[in-house]
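Trainee: Sending over a structure as structure tokens; questions will come in a sec.
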Amino acid sequence: MKIIMFGVLIFIAVLPLSAQSFKGDIVGYIIDGKTQEPLPVVNVRVVELPAFGAVTDSSGNFSIHGIPVGTYSLKATLIGYESMILTNVVVSTGRSTKTSLKLFEQAVEVGGVTVRASYFTRNNEIAPLSVNSYDRAEVKRQPGSVQDVQRVVQNLPGVASSNDNMNELIVRGGAPYENLTVMEHMEIPSINHYPNEFNSSGPINMVNIDLVEDVQFSAGGFPAQYGDKISSIMDITIREGDREKGFASNTGFNMAGFGTLMEGRLADGKGSWILSARRSFLEVIDQMIGMSAISLTAIPKYWDAQTKIVYDLSPTQKLTLNGLFGDSRIYIDGNPKQQNKNLAGMTTLSSVENVNNQNKQYALGMNLKSLWGKEGYSVLSLYTVGTQYNTDVQQVFSDRRYDRNGNVVSYQFHSAKNVFNSHNDEAFYALKYELFYKVHPQHDFRIGAQLFTASHWIGRTTFGGDTIYYDLNQNGRPDPLSDKFVISPNGDIPNAIHFGDASKGYAYVSDRYRIAPRLALTLGVRYDYFTYSGKGHIGPRANIAYELIPYVTTVSFAAGEYWQTQPFPNYSDRQNIGYNKSIDHAKAQHAVLGLQHILDDGVKMSLETYYKKFSQIPIEEQYIHSLVDTLWTDRQLAVGRRTSYGLEFLLQKKQVTNYYGTISVSLSKTLDEDPRIGKEGRTYPSQYDYPVIVNLVGGKVVKGIRSWLDEQPFFIKYPSYILPLSDEMEISFRYRYQTGKPSTPRIFNPDVHYREGGIQWSKGSWEYNKNEVNSTRYPDYSRIDIEWISRFYMERWNINVYIALMNVLNHKNVFYYEYKSDGTIEPAYQFAFFPVGGIEIEF
């Protein structure tokens, strides 16, 4: 990687770096934010260059040509609509810059009050509170996010994450599997490489941010069109391809991978296509210079592809095809030569684990969007999603001889044992219909339904049982006559669900009623049903918003009841008895009160308080009985209860000038009700309890540095070419602080021994202190990231260079503690300081 980056810098150094004479184009479209109707005769102007502008045509399209390269803001105005300003529009020579804007009708008469143009989407499509939006440029520039939409969301209030390795979202005390991801009307279980069925997150996101138009995220109180998840909503819109050019491309590499993006028009501009394909960057480096050169014991190998094809059937009907595919593999071979100072000078039988993980996932869907003029629109969707999970874990035993420093001087293979194998293939088909209709100037009506049925869910999970003996006579060895032995059986869980055996269905209806010019009330109801468990529930929703000062200050309140089916594995059991099949949905009740105030041009402040009450959370029956008797069972009971409440502050500044940033602070408490017999009515901190979260993000656009350096003496000018300095740069930072995650203390018991891999008895065992559940915490989390973006413009193409410094202060954030069978404890740390580089070539 160092060789490649050095070559890139030398290449850039010989380029004509002055961008004064280069020009580019902006193309886009503008629609009504509610009805989706194209808006003609909208006046669009470049704020910094008022002489450059355009007026939208009858289809809402516009194009502005010959703009000097650089970063600008666009202002859109239309009589009867709120003016809107889009910031951070980067104009380059390589390809036209794609934009889109949604304007909303002015609903309030403000008399003599001066109304500023809005930098924020005031009438959010999801809800009037607990919603934040990002456009493509904002996601790309977020430091520490490596252009991952979920890592960007972690900067918002109320969002925690347990580790750096995953883009996990723990939203207002909710579990990571309680978050819904919607992309182009498709409800997708996970958009990440290396997924699992109990978490919607992963280490690397599959969505190429260059295809994203915008991302909307709701942390709670969302309306009836969203459901079967009880914590949050992420709704991703994918942009269309370039309808003006026959072909345009973007090729490069970054943390997400090495890849290319291609796009162009179809049928003389009646449609467009866009395609992205990426491959693991580390895998490419491994093939070039070898794994040992980059000091990694395992290389994540993955690739992904994404596409969107659009065709206009008529001025009022559009057909869209969307696809997303990912292939993820990683092989981790345990190191038999690993140092262990606790075994210095000894010869012993010990084991390492080999892990083979392979996953494939896809989403493919078609949407037919029909515009109904000024009354509304409808979307008919047919899509399929599927995932293959394949994991094999093998324990390999060897006789090892250690020297006095704990280094392995020799080892000999003894035996190997499969300890876990899981191979599952699941696929689903869905048919979905949504309608938005203005039945009256004061009523916005929504109705929708979806049938989501299993094509198949076939597979098998096997894992070894365990044997424990309690050394009652304390003689240090197992004695069948005097010691107590407990044996848990092997696990063998087959899955055999075929087409139609398991289906989810829902239907909803909602109405937004503008009671008065400043007052709006939304009422909705939703019904969800799951055929496999035979359970169905009704969830009412409501929110009300009042503008204290028109277009400036709004107070809102939302409440609702939310239901979620359990992760599919929760419906299985080890003995295939079927007693988990009828487990009920999890439930959450939300109440959110919020205040939003526009402080200045592009500056918004919001303050929210929330209360969430969870119930019917699945709890293992053996945990319920763990204080009173020894019970082995994997029965799940929907009896868990959790409460979360908090206060959140967000201050956001758009790039009105050359500065931008956000400050978010979250204060919260999340408690689990103790479900164990003998602890009724007591609570303890939930594993999702992070009382304090602080995020600071800031950045500055720096212009003209390269031109200034070129005017300096030669001893300053020429050495400066070593660095990728241009006339258009951004430098940004992110600081994140988070209270350490809860932990239950463990006690080492030398009288309880496990049969390790069926080979040898452990020296003892670590046992949770049952009376101190989550009474301690890991050390607090703290991290600073810095990112530098430099743009180089040429006549027909350009280069973007990214340099990111992750965890600049190299703070040791604990990932977990490894409690070893010999009684020792060893911490494992999250990401240390590491630099990340990337480059994009656009033409």
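The values are calculated or read from the model by the stated rules, or taken from the named source; none is laboratory data. Note that this is a predicted model, so its numbers are computed, not measured. Positions of Cβ are generated from backbone atoms using ideal geometry, with glycine treated the same way; all protein chains shown enter the neighbour counts. Note: accessible area is taken over every heavy atom of the protein model, side chains too, but ligands, DNA and RNA are not part of it. Shrake-Rupley method; radii C 1.70, N 1.55, O 1.52, S 1.80 Å.
Trainee: Under a 1.4 Å probe, what is the accessible area of the chain per residue, stated in Å²?
Mentor: Roughly 42 Å² per residue, with all protein chains present.
Trainee: What pairs from 229/270; 34/270; 438/604; 613/654; 34/308 go past 26 Å between their alpha carbons?
Mentor: Check vs 26 Å cut-off fails for 229/270; 438/604; 613/654.
Trainee: Let me ask you something else. How far is helix 2-13 tilted off the main Cα axis of the chain, in degrees rounded to 10, range 0 to 90?
Mentor: Between helix and principal axis, roughly 10 degrees.
Trainee: Treating only the Cβ atoms of Lys and Arg (+1) and Asp and Glu (-1) as charged, compute the dipole magnitude of the chain about its Cα centre; round to the nearest 20 debye.
Mentor: It comes to approximately 760 debye.
Trainee: Please give the length that would be gained between residue 659 and residue 58 if that part of the chain were fully extended, namely 0.36 nm times their separation in residues minus their C-alpha to C-alpha distance (nm, one decimal).
Mentor: 212.8 nm
Trainee: For the charge dipole of the chain, defined by +1 on Lys and Arg C-beta atoms and -1 on Asp and Glu C-beta atoms about the Cα centroid, which residue among 681, 776, 838 has the Cα displaced farthest towards the positive pole?
Mentor: Result: 838, furthest along the dipole toward the positive end.
Trainee: Considering only protein heavy atoms and a probe of 1.4 Å, how much of the accessible area of the range 565-703 is carbon and sulfur, as a whole percent?
Mentor: 55
Trainee: If you put +1 on each Lys and Arg Cβ and -1 on each Asp and Glu Cβ, how big is the dipole of the range 118-188 around its Cα centre, in Debye rounded to 20?
Mentor: 280
Trainee: Follow-up question, since we're still on this one. Can you give the helix-only mean residue ellipticity at 222 nm for the chain, where every DSSP H stretch with n ≥ 4 adds -39500 (n - 2.57) and the sum goes over all residues, rounded to the nearest 500 deg cm²/dmol?
Mentor: It comes out at -1500 deg cm²/dmol, rounded to the nearest 500.
Trainee: So, by mean Cβ neighbours within 10 angstrom, what's the order for 48-57, 355-364, 228-237 with the highest one leading?
Mentor: So the order, starting with the most tightly packed, is 228-237, 355-364, 48-57.
Trainee: Related question: Under a point spin-label approximation (7 Å from Cα along Cα-to-Cβ), what is the residue 589-residue 623 distance to one decimal in nm?
Mentor: 2.3
Trainee: To the nearest 0.05, how large is the calculated FRET efficiency for residue 557 and residue 525 if R₀ is 22 Å and r is the Cβ-Cβ distance?
Mentor: 0.80
Trainee: Along the charge dipole of the chain, pointing to its positive end and built from +1/-1 on Cβ of Lys, Arg, Asp and Glu, which listed residue (264, 519, 565) has its Cα farthest out?
Mentor: Of the listed residues, the answer is 519.
Trainee: Mind sorting out which of (1) 28.6, 95; (2) 27.4, 101; (3) 42.9, 146 is the real Rg and Dmax of the Cα atoms in Å computed from the coordinates?
Mentor: (1)
Trainee: Can you find, among 388, 137, 500, the residue sitting farthest towards the positive end of the charge dipole of the chain, where Lys and Arg contribute +1 and Asp and Glu -1 at Cβ?
Mentor: 137
Trainee: Measuring from a point 7 Å past the Cα of residue 676 along Cα-to-C-beta, which residues in the range 726-746 have an amide N at less than 15 Å?
Mentor: Within reach of a label on residue 676: 743-746.
Trainee: In addition: Calculate the FRET efficiency for residue 639 and residue 415 from the Cβ-Cβ distance with a Förster distance of 51 Å, rounded to the nearest 0.05.
Mentor: The value I calculate is 0.75.
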